[in-house]
Amino acid sequence: RNLRAKGKGIETLSLALELGLKDNLIFASLPSQRRYLLNEGKLNPIPKNGFELLTTKSGRLIVKALFNDLFARKGSHEEESIEAFFSRRFGRDFTRQFVDPFITGIFGGKAKELSLKACLSRFSDLEKKYPSLVLGLLFNKEKQEIKLENDLLKKQKDETTEKNKIFLSYFK
C-alpha cells in the first residue's frame, strides 16, 4: 500500500504506472513524514538531524548503537534471527526500541522469529564484506541502478532530497 520512491520501490512505482494507476497515487505531505515510535507508553519522535541525535534520549541510543556496531563481533553467517543479528551488532535496547517496531510494521512478524537472510539479506551480505554495517552502508559501491523511463519517476527522483524523502501510497 505504500512505498518509497527510491531503490527497489522505483520498480513497484513503475509497475503501478504501467497498470494505469497514476491517478490513484497519493504523495505524502511534508508534516506526515515525521516518524514516531511508542516507547514506555509515550510517542517519541525519531531523530531527524544531528542536533536531535545528541539531545534526545532516543538519539543518544542511536549514537551508542552506531558506536557498538564499529566493534561488534561478526556472526557465523548461518541462519540467524533479525533480533539476534541486530542485538549482536547494535545492542538489545536499540533492537527493542527501533528494529522490533520496524520489523513488525513491515513484515507483520516478530524480529526474534524472522530470518535475517530471508527478510533483510542485504545486512547479512554487508557484514560479510565490511567490518561495520554502518561503514558498509556508507561505502557500498554495489548500489542498484534502475533505469527511469517515465517522466513522473524522473521528476520524483529529482525532487527527492535526504531531508525530504518522498513516500507514495496507493489506496483502492
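Residue-wise HN-Hα couplings along the stretch 37-46, as the Karplus relation 6.51 cos²θ - 1.76 cosθ + 1.60 with θ = phi - 60° gives them from phi, are 10, 7, 9, 6, x, 10, 7, 10, x, 6 Hz; Gly and Pro carry x. Charge dipole (Cα centre; +1 on Lys/Arg Cβ, -1 on Asp/Glu Cβ; no other charges) of the stretch 1-118 amounts to roughly 400 debye. Shown for the stretch 58-129: the carbon plus sulfur share of the solvent-accessible area, taken with all protein chains present and a 1.4 angstrom probe, equals 55%. With the highest mean first, a sort of the peptides 38-45, 63-70 on other beta-carbon atoms found within 10 angstrom per residue produces 63-70, 38-45. As a rough guide to protection, the peptides 51-59, 78-86 ranked by mean Cβ packing within 10 Å, highest first, stand as 78-86, 51-59. Each residue of the stretch 87-100 is assigned a 3J(HN,Hα), and the resulting list reads 5, 5, 7, 10, x, 5, 5, 4, 4, 5, 7, 10, 6, 4 Hz, derived from the Karplus form 6.51 cos²θ - 1.76 cosθ + 1.60 (θ = phi - 60°), x at Gly and Pro. The amide H of Glu80, built 1.01 Å from its N in the peptide plane, has Leu116, Lys117 as neighbours under 5 Å, considering only residues 5 or more places off or on other chains.
Rounded to the nearest whole Hz, the Karplus-based 3J(HN,Hα) values (6.51 cos²θ - 1.76 cosθ + 1.60, θ = phi - 60°) of the stretch 128-140 follow the sequence 5, 9, 10, x, 9, 5, 4, 5, x, 5, 6, 10, 5, with x at glycine and proline. For Asn39, the residues 5 or more places off, or on other chains, whose built amide H falls under 5 Å of its own are Asn44. What distance in nm separates the simple spin-label points at Phe102 and Lys117, each placed 7 Å from Cα in the Cβ direction? About 2.2 nm, to one decimal.
Site pair Asn140 and Glu40 shows an inter-label distance of 3.3 nm when each label is modelled 7 Å from Cα along Cα→Cβ.
Between Leu66, Phe86, Phe51, the Cα set farthest toward the positive side of the dipole of the stretch 1-108 (charges on each charged residue's Cβ, about the Cα centre) is that of Phe51. Working from label points 7 Å from Cα in the Cα-to-Cβ sense, the Ser29 to Glu52 distance is 1.8 nm. Highest average first, the peptides 20-31, 88-99 ordered by how many other beta carbon atoms sit within 10 Å of their residues are 88-99, 20-31.
The values are calculated or read from the model by the stated rules, or taken from the named source; none is laboratory data. Predicted model only: the values in this text are computed from it and were never measured. No Cβ is skipped: glycine too gets one built from the backbone with ideal geometry, and neighbour counts run over all protein chains shown. For the accessible areas, the whole protein counts, side chains as well, though only heavy atoms, and no ligand, DNA or RNA atoms are used. Shrake-Rupley method; radii C 1.70, N 1.55, O 1.52, S 1.80 Å.
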